[in-house]
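K.L.:
First the structure, which I've put down as structure tokens, then a few questions once you've had a look.
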Amino acid sequence: MIRLAALDIAGTTVDEGGAVYRVLADVVARAGHPADDVAIRRWMGADKREALGALTGVTDSRGVEDLHDTFVARLADAYAASPPRPLPGVPEALAALRAAGIAVVLTTGFDRQVTDPLLAALPVRFTGQLDAVVCAEEVAAGRPDPAMIRRAMALTGVADPAAVLTAGDTVLDVEAGRNARAGRVVAVLTGAQGRAELRAAGPTDVVDGVAVLPGLLGDTRRAG
């Protein structure tokens, strides 16, 4: 039986208009290392410091922090111009999961500098359904490592990965769920990566969005 839903933020539970990857591409280009769409897509869902370092070739920690500071500032400007909002049906889905006794934890490649203001801009009907939020900077490694999922499990007292449902909109989200041996690894089509790309990563389900998770929960309960 599923006891924990570990869900990505941008593109999975929250519509932020794709700003994060536009800003990431802009920061990388301004640093003198323009990246094509394929290169950017490879880092979707990853820790943003790791992504910035890899895409620019910067290896020293101070240089990466400078890039990250620029990224955070420009992303804040983008969010101020076009505030993020919950994806359709997500607050209701989270409420249904929690009503069924399922803990809800968000996991994200953002750090707290980005995550906390983003969540503060969202309505309480969304944020009030969260048991915890785990950022990549708070664990040993970002996706596809399962460290964030394992942290979510520890925070909610869930010991068995078979009792975990993960959901995300990127290949790295799917890989992290599989690496965690989650009981249900769900890919959603509300982000930038398409069905074929996500299906190739080996999720248990590919669905239109988080809004359908209560229905998958019903399937899980019957299967269990």
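The values are calculated or read from the model by the stated rules, or taken from the named source; none is laboratory data. The structure presented is a predicted model; accordingly, all values stated were derived computationally and were not measured. Methodologically, a virtual Cβ is constructed for each residue, glycine included, from the backbone with ideal geometry; neighbour enumeration extends over all protein chains shown. Surface areas here come from the heavy atoms of the whole protein model, side chains and all, with no ligands, DNA or RNA. Shrake-Rupley method; radii C 1.70, N 1.55, O 1.52, S 1.80 Å.
Table: residues versus (1) surrounded by fewer than 21 Cβ atoms within 10 Å (Cβ to Cβ); (2) closer than 22 Å to G168 by Cβ.
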| residue | (1), (2) |
| --- | --- |
| R41 | yes, yes |
| D66 | yes, no |
| V72 | yes, yes |
| A81 | yes, no |
| T107 | no, yes |
| P117 | yes, yes |
| A121 | yes, yes |
| A132 | yes, yes |
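K.L.:
When only residues in the range 29-39 that are over 21 Å from the mean Cα position of the chain (by Cα) and surrounded by 14 or more Cβ atoms within 10 Å (Cβ to Cβ) count, which is farthest from G57 (Cα to Cα)?
P.N.:
In the first step, residues of the range 29-39 are kept if they are over 21 Å from the mean Cα position of the chain (by Cα); the result is 29-36.
Adding the requirement that they be surrounded by 14 or more Cβ atoms within 10 Å (Cβ to Cβ) leaves 31, 33, 35.
Values: A31: 10, H33: 8, A35: 12 Å.
The residue in question is A35.
K.L.:
Report every pair of residues separated by at least 6 positions or lying on different chains whose Cβ atoms are under 8 Å apart, first residue within the range 6-35 and free of Cβ contacts under 8 Å to residues at least 12 places away in the same chain, second assigned to a loop (DSSP other than H, G, I, E, B) and open to solvent by 20 Å² or more (accessible area, probe 1.4 Å).
P.N.:
A29/A35
K.L.:
Let me ask something else about it. Specify the residue that is surrounded by the most Cβ atoms within 10 Å (Cβ to Cβ); the eligible residues are those in the range 171-191 that are modelled with pLDDT of 95 or more and in a loop (DSSP other than H, G, I, E, B).
P.N.:
A182
K.L.:
Let me ask another. Given the structure, is A152 of a type in the set (A, V, I, L, M, F, W, C) and free of Cβ contacts under 8 Å to residues at least 12 places away in the same chain?
P.N.:
It is false that A152 is of a type in the set (A, V, I, L, M, F, W, C) and free of Cβ contacts under 8 Å to residues at least 12 places away in the same chain.
K.L.:
Then there is this: How many residues does the range 36-56 contain that are modelled with pLDDT of 95 or more and outside any helix (DSSP H, G or I)?
P.N.:
Total satisfying the criteria: 0.
K.L.:
Of the residues in the range 94-107, how many are in contact (Cβ under 8 Å) with a residue 40 or more places away in the chain and more than 22 Å from P161 (Cβ to Cβ)?
P.N.:
1
K.L.:
Something else: Test R195 against the criterion of being over 22 Å from A132 (Cβ atoms), open to solvent by 60 Å² or more (accessible area, probe 1.4 Å) and in contact (Cβ under 8 Å) with a residue 12 or more places away in the chain, and give yes or no. Before the answer, list the steps.
P.N.:
Numbers: over 22 Å from A132 (Cβ atoms): yes; open to solvent by 60 Å² or more (accessible area, probe 1.4 Å): yes; in contact (Cβ under 8 Å) with a residue 12 or more places away in the chain: no.
When the stated conditions are applied, R195 does not pass them.
K.L.:
Counting just the residues of the range 134-162 that are among the β-branched types (V, I, T) and part of a loop (DSSP other than H, G, I, E, B), which one comes out most open to solvent (accessible area, probe 1.4 Å)? Break it down stepwise before answering.
P.N.:
Filtering the range 134-162 down to residues among the β-branched types (V, I, T) leaves 134, 139, 149, 156, 158.
The next check asks that each one be part of a loop (DSSP other than H, G, I, E, B); those that pass are 139, 158.
Numbers: V139: 30, V158: 8 Å².
In this case the residue turns out to be V139.
K.L.:
List the pairs whose first member sits in the range 78-91 and is among the charged types (D, E, K, R), whose second member is outside any loop (DSSP other than H, G, I, E, B), and whose Cβ atoms are under 9 Å apart, counting only residues at least 6 apart or on separate chains?
P.N.:
R85/V14; R85/D15; R85/F126
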